[in-house]
1. Hey, what do the phi angles of the stretch 134-141 turn into as Karplus ³J(HN,Hα) couplings, whole Hz, using 6.51/-1.76/1.60 and θ = phi - 60°, x for Gly and Pro?
2. Between Thr140 and Ala308, with labels modelled 7 Å along Cα→Cβ, what's the label distance in nm to one decimal, could you check?
3. For the stretch 233-316, build the convex hull from the C-alpha positions and give me its volume per residue in Å³.
4. Considering amide H positions built from the backbone, and no H for Pro or chain starts, which residues 5 or more places from Leu71, or on another chain, come under 5 Å of its amide H?
5. Over the residues of the stretch 45-95, compute the C-alpha Rg and express it relative to 2.2 N^0.38 Å.
6. How long is the gain from Ser122 to Lys275 if the chain were fully straight, where each residue apart is worth 0.36 nm and the alpha carbon distance is subtracted?
7. Say each of Thr316 and Ala248 gets a label point 7 Å from the Cα, pointing the same way as Cα to Cβ; how far apart are those two points in nm?
8. Quick one: what Rg and Dmax do you get for the stretch 63-213 from the alpha carbons, in Å?
Amino acid sequence: MVRQIRSRSRLLQLVGRLSSPGTIRSIFTAGLLAGSLFVGTATARGPAEQGLVWELRGERNTIYLAGSMHLLRPDAAELPAPVQRAYRDSSELVMEIDLDDLDPQAGAKFTSTYGTYAPGSSLRGALGEARWARVLEVGTKLGLPSAVLDRLEPWVVALLLSVAQMNAAGLDINSGVEQQLQALAETDGKPIEGLETMDFQLSIFDNLAPDEQARFLDLTLAEGEQMSGQLDAVAAAWREGRAKDLEALLLGEYAKFPGLYEALVYQRNRNWIPKIRALGERDGNVLVVVGALHLVGDQGVIAMLEQAGFEPRRMTALPAAR
């Protein structure tokens, strides 16, 4: 009985950590599958720091669309000039979810209700011995108890592993783009809104078919092995505004799992288009910040806006001072 209580306590602690505002910011949105790759490392500073920002003329205002890096190291956290300019010129901030209005307890309740197995079922039984052995190997290295992992569905384990991998890499969630902009908006009194809710984002994972959840977990495990080799390339491409390179780096894995891309990226991009268009009817300018993955590619938000007849224009860094 004591062991069961301790196991239940540990489960609730992990679910609570998974559903915290910082964790949700890190693992949801652009990089849903590549959360461990969306990390900034130190790169050369200077005019090459373009970032990924487009401006779009609305009916009554300007909408800025910025691609985000959800995690940046403290020593490389300065926002590119176009991002800073877009923020200063906007009276509202819109992100994938409203970070200053999250309820971690609600997220934990959702995860514990929909992301755990009923008595008699287990992750080990769902995955099979080979996959379970791999989960156990990685989870043990990251300090995640096997008894707890065995009670969680694959999508929850994948997210927990992503968080643990990022923590193990020494990443600071407070240095991410959204966190920085949220802090600025709160200080400046600018309202913050979300394109989606936390429950909706969690339900995306929960609604994946069992085989897609297992593939999601496989991909998370594979990315953990490749993390060190990908960080510099992804961070440099984002900071320098190389959209095509980011597209190649981040969309490559999705080619293996089209069902995951459909649910986690494409459908959400399509859902956002009417919401973004509606922002153009407001009086003040609006900065929309979403994960960089959502803006690139022929099924990204920018391409969809162009297909709808809009003309998004890339912003560039200010000319170097003479």
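Read-outs throughout are calculated quantities, based only on the coordinates presented, and are distinct from any laboratory measurement. Predicted model only: the values in this text are computed from it and were never measured. FYI the Cβ positions are ideal-geometry reconstructions off the backbone, even for glycines, and counts take in every protein chain you see.
1. 5, 4, 4, 4, 5, x, 4, 4
2. It is 5.0 nm.
3. 101 Å³
4. Here Gly40, Val177 satisfy the definition.
5. With N residues counted in the stretch 45-95, Rg over 2.2 N^0.38 Å equals 1.24.
6. Using 0.36 nm per residue and subtracting the Cα-Cα distance, I get 51.1 nm.
7. Label-label distance for Thr316 and Ala248, simple model: 2.2 nm.
8. Over the stretch 63-213's Cα set, Rg and Dmax evaluate to 18.5, 56 Å.
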